[in-house]
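Note sheet for the following structure.
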Amino acid sequence: MHKAFSPSRVGGVLPSVSKLLLLASLAIVTASAQVVPVPPTPQVGSSNPVTAEPLVSRPHTKPCVVSLLSNAAFENFNGTPLTYAPPAACPGPWAKVVLTADFTVTAGRQFDRSAWFYLGDTNIFYGTTAEPRAALSPSWHIERDLTDLTALFKSPQTGLASIGNVVNSTYTGIIYASAELEFYPASWQAPAPVTPDVIVPVSSGNGPVTLNTTTDQATATLNLPRNVEKVYLDVISQSQIGDEFWYLCVPTPVAGELETCGNTAFRETEISIDGKAAGVAPVYPWIYTGGLDPYLWEPITGVQTLNFKPYRVDLTPFAGLLADGTQHTVAVSVYNANGYFLSTANVLVYTDHGSKEVSGGVLSNTLTAAPNPEVVQNLSTDASGTTTGTVNVGSNRTFSITGYVNTSHGRVETTVAQKVNFLSAQTFDVNVANGPEIQNLVQTSTVDSETTTRDGFLVEKTSKHISFPLTLDYTFLNNPNGTFTQVVSSNQQDLHTEAKSLNGFQYFQSSAKEQVNSQDTLQFDAGFNVTAPGVGSSSASYRSNDSLGDCYSRSLTAADQKLTSVTDGKGCHDHDHWF
């Protein structure tokens, strides 16, 4: 299909319409070799990348700030070394640790690129960059709460900031970045939280691991203390190259006639310990700023596009096993990976501070090593070569894992029970030779989980619902006068709810919903040249609240590549009704 797909963030061959969009760029504007910080609030009339997502909340204490990068230039694949030393004026304990980073791409031509920061082989940031235009040098700001990585920051570290980029006579945009760590001293108003005692990275040194097939793995060897009590895994799996638009893929035998990628539209991250299934993480369908149609994402970007959020897998049922004093292996893979995914993860380990050694093990585990997706296709091709019909793929997983640890405060038994569901429904009307080319998609990934912790007579339950709905409509038309029209619309969502109870008494609830809607129309002449910028519109909203009274709300609208409105706080006065 003639999709205006973006190229890989690490280079590669441009699909046809992406080439046309690059050829439509105007003259190169001289680069300004520095980061241009953006205002803290999105500015109406601006074309800078913007999101409705909230910034990281801060304590009221004054932070110590440690610089990691200052106006570092990224114009190749070498990366920039990072050197970190703990702040002498704020030795800890810390109430919160926050990473802030600012980016600018010089005006001209450039792909969207992957960006990641590592300290001590541990990932502290992962995202992508915005694409510039001849008359636009985009700047943006990201933040990430790194408090759970406190153990990492207690000692000096070296690392790498990587934004792989190519700068030459054609691709001219140089990317600049500055980054800092903010350390907020603990106080009686903001005490230091309990954080992981041990962090084990699952990475390829200072970067993610490439996974080309289902069987490829990113692994880490675990030699953990004898007093492990809780374990989590924060994982990111980013789609690249042939997998970039995995949510638009179809079964390989029909990929050619439908002009799209193979291995179906189902991907899933699998977690194993010592070769046995230990957890599942859905893959978020991120769309980068060059994806489908770059004008869709100016200025409002897709959900998490510039700042990925790790998915947390609860591995606590395996704590007793991992505390047995022997070596173990944790592995991450992506089911149906098809050249390729990049994966990185951090193992977060909490220890029993009242005991040097615990005992325990896994009592039961019903998680299978691989999913069993069902594919239903109903396609037909007529005499003109037009293929129409539907392709659906679904996967349903229900499992429970129980383990126990004999700790200094008694036996603690943990059960993680989950339902992991995926459904993709695609509709096609494709003529390879003459058009039209239409592909519509409705997809959703959902996880419903309940974690039950039994500690003596106390029974705590945490229930979570996570959902990643995506709707895409793509049309590429051959007009009677020899020109072409492309119409794309996208609706991305990210939904989270959580409830906690103790001995049947619910004591906490929270809810968060993010949504981005984008529509755009592009006109091409007979030579496939874009005749004008897209004439689209977009909107974004983020709402969150909890039973403690915290509430956040922001809504954005944009049209013709400029922000048109910012609305904050709407609905927070009646947020009790959001649950």
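The values are calculated or read from the model by the stated rules, or taken from the named source; none is laboratory data. Predicted model, so just to flag it, every value in this text is computed and none were measured. No Cβ is skipped: glycine too gets one built from the backbone with ideal geometry, and neighbour counts run over all protein chains shown.
Within the stretch 225-233, does at least one residue satisfy the condition of being more than 17 Å from Pro373 (Cβ to Cβ), in contact (Cβ under 8 Å) with a residue 12 or more places away in the chain, in contact with a strand residue (DSSP E or B) (Cβ under 7 Å, 6 or more places away or on another chain) and aromatic (Phe, Trp, Tyr)? Checked the stretch 225-233: at least one residue is more than 17 Å from Pro373 (Cβ to Cβ), in contact (Cβ under 8 Å) with a residue 12 or more places away in the chain, in contact with a strand residue (DSSP E or B) (Cβ under 7 Å, 6 or more places away or on another chain) and aromatic (Phe, Trp, Tyr). Flag: Glu413 matches the condition of being crowded, with 17+ Cβ neighbours inside 10 Å, among the acidic types (Asp, Glu), touching a strand residue (DSSP E or B) at 6+ places or on another chain (Cβ under 7 Å) and modelled with pLDDT of 95 or more. Residue check: Leu556 meets all listed conditions (1) of a type outside the set (Ser, Thr, Tyr); (2) farther than 15 Å from Val303 by Cα; (3) crowded, with 17+ Cβ neighbours inside 10 Å but one, namely (2).
On the given criteria, is Glu437 closer than 24 Å to Gly389 by Cβ, acidic (Asp, Glu) and in contact with a His (Cβ under 9 Å, 6 or more places away or on another chain)? Yes. Can you confirm whether Ser70 is in a loop (DSSP other than H, G, I, E, B), surrounded by fewer than 24 Cβ atoms within 10 Å (Cβ to Cβ), among the polar types (S, T, N, Q) and touching a residue at least 40 places away in the same chain (Cβ under 8 Å)? No. Among the candidates Phe117, Phe111, single out the residue that is within 18 Å of Val347 (Cα to Cα) and either free of Cβ contacts under 8 Å to residues at least 12 places away in the same chain or buried (at least 21 other Cβ atoms within 10 Å of the Cβ) (or both). Selected residue: Phe117, the only one of Phe117, Phe111 that is within 18 Å of Val347 (Cα to Cα) and either free of Cβ contacts under 8 Å to residues at least 12 places away in the same chain or buried (at least 21 other Cβ atoms within 10 Å of the Cβ) (or both).
Going through (1) crowded, with 18+ Cβ neighbours inside 10 Å; (2) within 24 Å of the chain's Cα centre (by Cα) one by one, Thr172 falls short only on (2). Being touching a strand residue (DSSP E or B) at 6+ places or on another chain (Cβ under 8 Å) and part of a loop (DSSP other than H, G, I, E, B) holds for only one residue in Phe528, Phe476, Phe508, and it is Phe528.
Run down Thr567, Thr521 and say which single residue is within 26 Å of Ala135 (Cβ to Cβ) and free of Cβ contacts under 8 Å to residues at least 60 places away in the same chain. I'd like the intermediate steps shown before the answer.
Working: Thr567 fails: within 26 Å of Ala135 (Cβ to Cβ).
Only one candidate passes the filter, namely Thr521.
Every residue, every condition in (1) within 32 Å of the chain's Cα centre (by Cα); (2) buried (at least 17 other Cβ atoms within 10 Å of the Cβ); (3) within 19 Å of Asp314 (Cα to Cα), yes or no:
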{"site": "Thr381", "(1), (2), (3)": "no, no, no"}
{"site": "Gly403", "(1), (2), (3)": "yes, yes, yes"}
{"site": "Gln426", "(1), (2), (3)": "yes, yes, no"}
{"site": "Ala433", "(1), (2), (3)": "no, no, no"}
{"site": "Asp448", "(1), (2), (3)": "yes, no, yes"}
{"site": "Asp455", "(1), (2), (3)": "no, no, yes"}
{"site": "Ile466", "(1), (2), (3)": "yes, yes, yes"}
{"site": "Thr471", "(1), (2), (3)": "yes, no, no"}
{"site": "Thr475", "(1), (2), (3)": "yes, yes, no"}
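Screening Leu224 with (1) farther than 27 Å from Asn76 by Cα; (2) surrounded by fewer than 21 Cβ atoms within 10 Å (Cβ to Cβ); (3) of a type in the set (A, V, I, L, M) gives one miss only, at (2). When we screen Glu53, Glu131 for residues that are crowded, with 21+ Cβ neighbours inside 10 Å, out of contact with any Gly (no Cβ under 6 Å at 6 or more places or on another chain), of a type in the set (Asp, Glu) and part of a loop (DSSP other than H, G, I, E, B), the only hit is Glu53. Selection of first residues in the stretch 388-408 that are at positive phi and of second residues that are at pLDDT 95 or above and of a type outside the set (D, E, K, R), restricted to Cβ pairs under 8 Å at least 6 apart or on distinct chains, gives the following pairs, ordered by first then second residue: Gly389/Gln377; Gly389/Asn378; Gly389/Leu379; Gly389/Ser380; Gly389/Thr427; Gly389/Phe428. The requirement of being at pLDDT below 95, surrounded by fewer than 21 Cβ atoms within 10 Å (Cβ to Cβ) and over 28 Å from the mean Cα position of the chain (by Cα) is fulfilled somewhere in the stretch 32-43, by at least one residue.
Can you name the residue in the stretch 318-339 that is at positive phi and not polar (S, T, N, Q) and, of all such residues, is farthest from the chain's Cα centre (by Cα)? Filtering first and then ranking leaves Gly325. Quick check, is Val198 in contact with a helix residue (DSSP H, G or I) (Cβ under 7 Å, 6 or more places away or on another chain) and surrounded by fewer than 20 Cβ atoms within 10 Å (Cβ to Cβ)? Spelling it out, Val198 is indeed in contact with a helix residue (DSSP H, G or I) (Cβ under 7 Å, 6 or more places away or on another chain) and surrounded by fewer than 20 Cβ atoms within 10 Å (Cβ to Cβ).
If you go through the stretch 179-194 and pick out every residue that is in contact (Cβ under 8 Å) with a residue 60 or more places away in the chain and either basic (Lys, Arg) or surrounded by fewer than 19 Cβ atoms within 10 Å (Cβ to Cβ) (or both), you end up with 9.
Residue-by-condition table, conditions (1) at pLDDT 95 or above; (2) assigned to a loop (DSSP other than H, G, I, E, B); (3) not aromatic (Phe, Trp, Tyr):
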| position | (1), (2), (3) |
| --- | --- |
| Leu82 | yes, no, yes |
| Lys96 | yes, no, yes |
| Phe111 | yes, yes, no |
| Phe117 | yes, no, no |
| Trp140 | yes, no, no |
| Ala151 | yes, no, yes |
| Leu160 | yes, no, yes |
| Asn165 | yes, yes, yes |
